[in-house]
1. I need a count of the residues in segment 304-337 that are under 24 Å from the mean Cα position of the chain (by Cα) and not in a strand (DSSP E or B).
2. Scan segment 401-424 and give yes if some residue there is more than 30 Å from residue 149 (Cβ to Cβ) and more than 16 Å from the ligand (Cβ to nearest atom), otherwise no.
3. What is the residue count in segment 28-44 for residues that are part of a loop (DSSP other than H, G, I, E, B) and loosely packed, with under 15 Cβ neighbours inside 10 Å?
4. For residue 322, are the conditions met, namely being at pLDDT 95 or above, crowded, with 22+ Cβ neighbours inside 10 Å, in contact with a strand residue (DSSP E or B) (Cβ under 6 Å, 6 or more places away or on another chain) and within 30 Å of residue 414 (Cβ to Cβ)?
5. Just to be sure I understand the filter: pairs with C-beta atoms under 6 Å, separated by 6 or more residues or on different chains, first member in segment 73-87 and under 24 Å from residue 276 (Cβ atoms), second member assigned to a helix (DSSP H, G or I) and of a type in the set (Phe, Trp, Tyr). Which pairs pass?
6. Just a yes or no: is a residue in segment 368-381 within 17 Å of the chain's Cα centre (by Cα), among the β-branched types (Val, Ile, Thr) and in a loop (DSSP other than H, G, I, E, B)?
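The values are calculated or read from the model by the stated rules, or taken from the named source; none is laboratory data. Computed from a predicted structure; not experimentally measured. Note that we place each Cβ from the backbone using ideal geometry, even for glycine, and neighbour counts take in every protein chain shown. Ligands, DNA and RNA are excluded from the accessible area calculation, which covers all protein heavy atoms including side chains. Shrake-Rupley method; radii C 1.70, N 1.55, O 1.52, S 1.80 Å.
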Amino acid sequence: MKTIDSDKARRLLEGIGQGHLLTFWGELTPEQRGRLLEQIQQLDVRNIPRWVRETVKNEKPLVVPTEFEPAPSYPPVPQTPEQEKKYAQAKQIGEKLLREGKVAGFVVAGGQGTRLGFDGPKGNYPVSPIKKKTLFRIFAESVAAARKKYGAVLPWLIMTSPLNHKETVETFEVNNYFGLGKDTVFLFQQGTLPNFDFEGRIFLAEKDTIAVSPDGHGGSLKALYSSGVLAEMKKLGVEYLSYWQIDNPLVQLFDPLFLGLHVMEGAGMSSKALIKAHPLEKVGNFCLVNGRVTVIEYSDLPDEQARRRNPDGSLVFELGSIAIHILSREFVERLNADGDFALPLHRAVKKIPHIDLATGKKVNPDKPCGIKLETFIFDALPLSEKSVILQTIRSEEFAPVKNASGEDSPAVTERMMIERAASWLEKAGVKVPRTTDGRADCVLEMAPSFALTAEDVKANIHKVPPIRPGDTVYLE
Ligand code: UTP
């Protein structure tokens, strides 16, 4: 496409109140001017005025439903003979789909990981207790183990953002795609959205660069389509995408039960859920709004609703969202078939480095100074007529690395990896030393090649040495 000229750019920008983006035009070299024009051309000029009006300048841009009820869900293990039958059938369906290679793994890794404060893609963060394997390596080994288990090439999709794509590709190149085969790993980029000051003016990150940030994990639904990866999956016969986040090394990448329930119910998008640790835990709440599964954010669920209890003491709104989903390929295709498909924009007040228009100097703010816009994947749930929720167990499947220390930090994740390995070994009859307060009194790491699930341990039990207090044991 031909880049627009500066007169046209000026007209376009002034028409939407963003003429200041050309403040430093006179100082720019021809290359810098070219780069800036390219970025201006990519701005969604038609929608920016509406975003400014409805979201940037509006502290409560999204309408929170007032009528909602708890969403139904499947328990982690069957509770009745009928359920037992259904789970067995679902598992068979899921396993068949995996054996037929009709499922791809899909991890979103385009985030900025600001809370962790790690330099580079979060997937390069070393998390495992003994070998210090990175998140990317753990998932790569899990994909390889699942391919072996099901005898099928299960493609792996990785969404990056323009901010970390190059480094992510480099990681995969340097590691020879972790032995998975370059043609079976699909790296593609999500889109970005401009950053605004509180008055709705787009920030300049540099004199020739518009400040943008990734458009949120919700951007994956568009990026899958616009990158051509979805069409590629269709060619390969992939019907379902198993979605997870880069920060959670405990996730079961390909869960036959979850897949099978999704298929049996004819769902477009399904979710795994946790029972919340306490009423106000900072996770989205699964609710039903007009009969559709909808996530209401913790900040939007009124306290009195969050604290409501059933006669048996359980919370009425007990299901927390943990960003593990199944997406039917056709569901994502259908969403994109309407060219104007857009998820609601959420606003986040952030510190945004920018160029001061008056002085031309770079500002690194020490307090929030503007708005980033993002979309969330769970906002697509109500667009699916049917949607399954399967409960999972925290210690089995959810240990996200979010913060540098404290809650959801690498130290917690590492501990949970050790404890899960200990519990899987004990389930298979291995004696694991424990401290008086019940923690595993040893450092354990289980490679995905050793076991992907607790049931897999039995087949490799002969590889487990006697474990004494204080031992360090790596199992592969
Ligand atoms: P988080 O909401 O934890 O955001 O992302 P983050 O960017 O990783 O971390 P902070 O908030 O800056 O500390 C949850 C998942 O969604 C992905 C992340 O990579 C992570 O897997 N994500 C988030 C994207 O892929 N793109 C985005 O634009 C945002």
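1. Looking only at segment 304-337, we keep the residues that are under 24 Å from the mean Cα position of the chain (by Cα), and these are 317-337.
Applying the additional criterion that residues be not in a strand (DSSP E or B) yields 317-318, 329-337.
Looking only at that region, the number is 11.
2. Yes, segment 401-424 contains at least one residue that is more than 30 Å from residue 149 (Cβ to Cβ) and more than 16 Å from the ligand (Cβ to nearest atom).
3. Step one: of segment 28-44, the residues part of a loop (DSSP other than H, G, I, E, B) are 28-29, 43-44.
Checking the rest, the ones that are also loosely packed, with under 15 Cβ neighbours inside 10 Å come to 29, 44.
Residues flagged as part of a loop (DSSP other than H, G, I, E, B) and loosely packed, with under 15 Cβ neighbours inside 10 Å within segment 28-44 amount to 2.
4. no
5. The qualifying pairs are 78/87.
6. To start, the set of residues in segment 368-381 that are within 17 Å of the chain's Cα centre (by Cα) comprises 373-381.
Now restrict to residues that are among the β-branched types (Val, Ile, Thr): 375, 377.
Remaining after also requiring in a loop (DSSP other than H, G, I, E, B): 375.
Within segment 368-381, one or more residues are within 17 Å of the chain's Cα centre (by Cα), among the β-branched types (Val, Ile, Thr) and in a loop (DSSP other than H, G, I, E, B).
Every residue, every condition in (1) in a loop (DSSP other than H, G, I, E, B); (2) within 16 Å of the ligand (Cβ to nearest atom); (3) under 30 Å from residue 456 (Cβ atoms), yes or no:
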residue	(1), (2), (3)
140	no, yes, yes
148	no, no, yes
157	no, yes, yes
162	yes, yes, no
171	no, yes, yes
183	no, no, yes
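Quick grid of which residues meet (1) open to solvent by 60 Å² or more (accessible area, probe 1.4 Å); (2) in a loop (DSSP other than H, G, I, E, B):
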| residue | (1), (2) |
| --- | --- |
| 385 | yes, yes |
| 399 | no, yes |
| 407 | yes, yes |
| 414 | no, no |
| 436 | yes, yes |
| 444 | no, no |
